[in-house]
Amino acid sequence: MSWVPTIALFFVAWLAVFAQTQFPPVARALGMVPGLIPALLVYAALTTHLAVVGGLAVFAALSLDSLSASRLGVSLAPMFTVVFVIHTRQHLILRDQLYAQFWLGLGAGLFVPLATLALLSLGQVPPISGAATIWHLLLSALTNGLMCPAFFRIFDALRNTFDYQPVTESSFRPDRQIKRGRN
């Protein structure tokens, strides 16, 4: 197993966090910057080990919280919940189907901001929410739903490029001749 796809996951998570917090033109055009971390976490939960998935969730959540105005660690529980639930049920999920990837990305893109908003509302100063919050949640969910199949294509191509492909071997030896019939 090559470490290149795993390192690329963490690098893309870092780029997604940076892009989510540092691009004002996109924020002005859409009224918000959609986060791509939940779609990336869905891919990681379905394809990698639990240690990598947990590390990616912790890294992405702490990176996002350190660059945003929210409290440090508030998005850790929603992100880790998503990856843990998907990873424990990965044998039941149709990983290679586009519609399953879309709906998983959409669900994760809706759950993570809603759960983070719920955790922020438990604090002393409640977050500002209103009619625009619904638009932000729907746009974030749709963006994650559309990006999840793209992440599957990109990272599967990267994994096929850098990982060893299994060799199929026949149960028959090539130096043996099978004679049929009577002698």
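From the largest down, the chain spans 91, 31, 28 angstrom on the principal axes of its Cα atoms. In order along segment 62-70, the phi-based Karplus estimate (6.51 cos²θ - 1.76 cosθ + 1.60, θ = phi - 60°) of 3J(HN,Hα) comes to 5, 5, 5, 5, 6, 9, 10, 7, 7 Hz; Gly and Pro are listed as x.
Remark: segment 1-77 is approximated by an ellipsoid whose semi-axes, taken from the C-alpha gyration tensor as √(5λ), come to 24, 14, 10 Å, largest first. The distance from the alpha carbon centre of segment 10-26 to that of segment 104-140 is 19 Å, rounded to a whole number.
Which peptide among 101-114, 66-79, 127-140 comes first, and what is the full order, when sorted by highest mean count of other Cβ atoms within 10 Å?
On the way: 101-114: 22.3, 66-79: 16.2, 127-140: 13.0.
The packing order, highest mean first, is 101-114, 66-79, 127-140.
Quickly estimate the mean residue ellipticity at 222 nm for the chain, helices only: each DSSP H run with n ≥ 4 gives -39500 (n - 2.57), and the total goes over all residues, rounded to 500.
Numbers: 7 runs with 124 residues, N = 183.
The helix contribution divided over the chain gives -23000 deg cm²/dmol.
Converting phi to 3J(HN,Hα) with the Karplus coefficients 6.51, -1.76 and 1.60 and the offset θ = phi - 60°, segment 7-16 yields 5, 5, 4, 5, 5, 5, 5, 5, 5, 5 Hz in sequence order, with x at every glycine or proline.
Rule-based calculations on the coordinates, nothing more; no lab input. Computed from a predicted structure; not experimentally measured. All Cβ positions, glycine included, derive from the backbone under ideal geometry; neighbour counts span all protein chains shown.
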